[in-house]
Every structure is written in structure tokens, then in C-alpha cells.
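Contents: one structure, followed by commentary.
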Amino acid sequence: MPIQSLLTPREREVLRALMREGSIVKVATLDNRSLGTLRVHVRNLHRKTDTHSLVELVTWGLKNLAAWDEREGRRNVVQETSGSVVASPDDGT
């Protein structure tokens, strides 16, 4: 199933933010969103991606979302910081 029909645009946005920040609390703070709302998005992401932890979800995103972004002409930059892998979309800004 294509990722654009599996995940909503907001879910893809939340997953990208989690890939970049690595923490729901950081995403909530930076995105100025309710922690409860983000937890609902993450719960839906777990259900749709058949993942059970944040690590599994981010790994799924690195494999699937990054590949989809690349096909759509959106380049993802993956870098290592402090021993953890962080991905952030490079939209040329």
C-alpha cells in the first residue's frame, strides 16, 4: 500500500518530527502541540505501521517514509548525533 494512502499528511509530519527529534515531548514543545494530541497520532502510527515502540516506529519511518520522500523528490538528510540516528527533511530552506 502506498505510504500516502496509509498515513495522513499530519501523521507523516509527526513521523518526520519524531525521526528528527526522537522524543514525543520534544516534538510537542517545538511544534507547540498538545502532548495528548501527539500521543493519539503516535498510537495511530503504531497501529498503521504495526510497530510497538518509538524505536520501531522511527526505524519504519527511516525505511519507508524516507524512501517515499526520495521518490517524491524530497531529500532526507540522515546524520548521526550523540550516538543516535536523526533524520530531517532537507527541503532546500
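Let's see if you can work this out: charge +1 on each Lys and Arg Cβ, -1 on each Asp and Glu Cβ, no other charges. What is the dipole magnitude of region 1-44 about its Cα centre, in debye to the nearest 20? Can you show the working numbers first?
Values: 8 positive and 4 negative charges, 11 e Å.
Its charge dipole is roughly 60 debye.
What ³J(HN,Hα) values, in whole Hz, does the Karplus curve 6.51 cos²θ - 1.76 cosθ + 1.60 give for region 49-61 when θ = phi - 60°, with x put for Gly and Pro?
3J(HN,Hα) across region 49-61, in whole Hz: 9, 6, 10, 10, 8, 5, 4, 4, 5, 5, 4, 4, x.
At 0.36 nm per residue, and after removing the present C-alpha to C-alpha distance, how many nm does the segment from V25 to E13 gain when stretched out fully? Please list the in-between numbers first.
Working: separation 12, 0.36 × 12 = 4.32 nm, distance 1.52 nm.
Full extension from V25 to E13 adds 2.8 nm.
Ranked highest first by the average count of other Cβ atoms within 10 Å around their residues, in what order do 56-64, 29-37, 14-22 fall? Please report the intermediate quantities before stating the final value.
On the way: 56-64: 17.0, 29-37: 11.2, 14-22: 21.1.
For the peptides 56-64, 29-37, 14-22, the packing ranking is 14-22, 56-64, 29-37.
Taking the Cβ-Cβ separation of S5 and R33 as r and a Förster radius of 35 Å, what is the calculated FRET efficiency to the nearest 0.05? Walk me through the numbers before you get to the answer.
On the way: r = 24 Å, r/R0 = 0.69.
FRET efficiency, S5 to R33: 0.90.
Give me the number: length gained by fully extending K63 to R47, i.e. 0.36 nm times residue separation minus the C-alpha to C-alpha distance, one decimal in nm. Intermediate results must be reported in sequence, preceding the final value.
On the way: separation 16, 0.36 × 16 = 5.76 nm, distance 1.70 nm.
Roughly 4.1 nm would be gained on extension.
Laboratory data are not the source of any read-out in this text; all were calculated from the coordinates shown. This is a predicted model, so every value here is computed, not measured. Note that each Cβ is placed from the backbone with ideal geometry, even for glycine, and that neighbours are counted across all protein chains shown.
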